[in-house]
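The values are calculated or read from the model by the stated rules, or taken from the named source; none is laboratory data. Predicted model, so just to flag it, every value in this text is computed and none were measured. Backbone-built Cβ (ideal geometry, glycine too); neighbour counts: all protein chains shown.
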């Protein structure tokens, strides 16, 4: 059975590192990262004459959802050519929206595919330290307004997804156990 694997969590929880390791461990997996679209999003800020702030109302209203539409369109196209497609993106509001998930499952069923959601569990302070360490321009506003930003993030694993795998990224030992278990879970 074909699988669309969404690797999700708030920013700086280790999604990219885990997604890349998981994609390699799954072998013959298409890896897509929503952050690849940032170059286009930055240009939208420039053209609109807006300050580059991925936490702004402008971003939320004019860019955010389109990044998700685009990455999922790419994923659905990839499912035509490969049985496993992994998407690395927060999906923070989508994974808590039952109607959105039901619609996604229905579209996947039309392609003969199933949904698998991997939630990356990481402590808020660990995510904060990782964000500082990665020193990305996409995080400048977040770090300068940490309390305001972190109040908008939900670090609790979703409880509405039956096909959820929780990836514990708290230590090297938990990572190693989780990567093995995740491959088994996804390959079913």
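Worth a mention:
- Exactly one residue out of 143, 108 is touching a strand residue (DSSP E or B) at 6+ places or on another chain (Cβ under 6 Å) and either part of a helix (DSSP H, G or I) or over 16 Å from residue 21 (Cβ atoms) (or both), and it is 108.
- Looking across the range 1-58, the residues that are free of Cβ contacts under 8 Å to residues at least 60 places away in the same chain, closer than 15 Å to residue 70 by Cα and touching a strand residue (DSSP E or B) at 6+ places or on another chain (Cβ under 6 Å) come down to 31, 32, 33.
- Qualifying residue in the range 150-165 (condition: touching a helix residue (DSSP H, G or I) at 6+ places or on another chain (Cβ under 9 Å), assigned to a strand (DSSP E or B), modelled with pLDDT of 95 or more and surrounded by 12 or more Cβ atoms within 10 Å (Cβ to Cβ)): yes
- Boolean, residue 65 is under 16 Å from the mean Cα position of the chain (by Cα) and more than 22 Å from residue 9 (Cβ to Cβ): no
- Verdict on residue 74 being surrounded by 18 or more Cβ atoms within 10 Å (Cβ to Cβ) and at pLDDT 95 or above: no
- Sole residue being over 12 Å from the mean Cα position of the chain (by Cα) and outside any loop (DSSP other than H, G, I, E, B), chosen from 81, 31, 100: 100
- Qualifying residue in the range 16-24 (condition: surrounded by 17 or more Cβ atoms within 10 Å (Cβ to Cβ) and farther than 22 Å from residue 134 by Cα): no
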